[in-house]
Amino acid sequence: MVELRKITWENFNDCLSLDVTDDQKNFIDSNVYALAQAYIAATNDKFPPIAYAIYNGQTVIGLVILVHKYAKDSKYYHENCYEVVSFMIGKQFQGKGYGKEAFARVIDIIKTFPEGKAKSVCLSYDPMNETARRLYASYGFIETGSVNDIGEVVAKLMINK
């Protein structure tokens, strides 16, 4: 069973050791970079990161980082939302349904509003990343027509109308 657990000293190195396939490296930052960004955000920004290790049983298989954003602070999102900043499943665990199951857990966590109310889940992805597009569309994400500063397609899922 796939579940999300806080990142701790005990699972930190397991999170850092995960990697994606070579053809996916153009679509996602390394976990080292993603966790470094989360640290900077935690110590400097108004958007505290919410970071989880993704587990299958007792094995770390992925990583997700979220932030709660207010519409007034966002260029691309027009309502308070939870942004999925990073979501990855390690290459050795891909193709087994873990990504789909893990993303369902991400949506479940977001719907508890851990950092405050929001109307949507927002994210962005490289327009060439068909795997991401299909995964997010399967949950009902709709592309907004916006492209962010790094050329990624912006999409959102309404969760609280």
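All of the numbers you see were taken from the coordinates with simple rules; none came from a lab. Bear in mind the structure is a predicted one, so any value in this text is a computation, not a measurement. Every residue, glycine among them, receives a Cβ derived from its backbone with ideal geometry; neighbour counts consider all protein chains shown.
Things worth noting here:
- Across the chain: Cys residues that no other cysteine approaches within a C-beta distance under 4.7 Å: C15
- Of the trypsin sites (Lys or Arg not before Pro) found in the range 1-50, those in coil by DSSP whose Cβ has at most 12 other Cβ atoms within 10 Å are K25, K46.
- Among [x] 33, 21, 14; [y] 23, 18, 16; [z] 29, 16, 15, the entry that matches semi-axes √(5λ) of the Cα gyration tensor in Å as calculated here: [y]
- Count Lys and Arg as plus one, Asp and Glu as minus one, and take only other residues whose Cβ is under 11 Å from that of N31; the net charge is then -3.
- Across the alpha-carbon set of the range 76-161, the Rg to Rh ratio works out to 0.96, Rh being the Kirkwood radius.
- A straight line joining the Cα centroids of the range 34-54 and the range 131-156 runs 22 Å.
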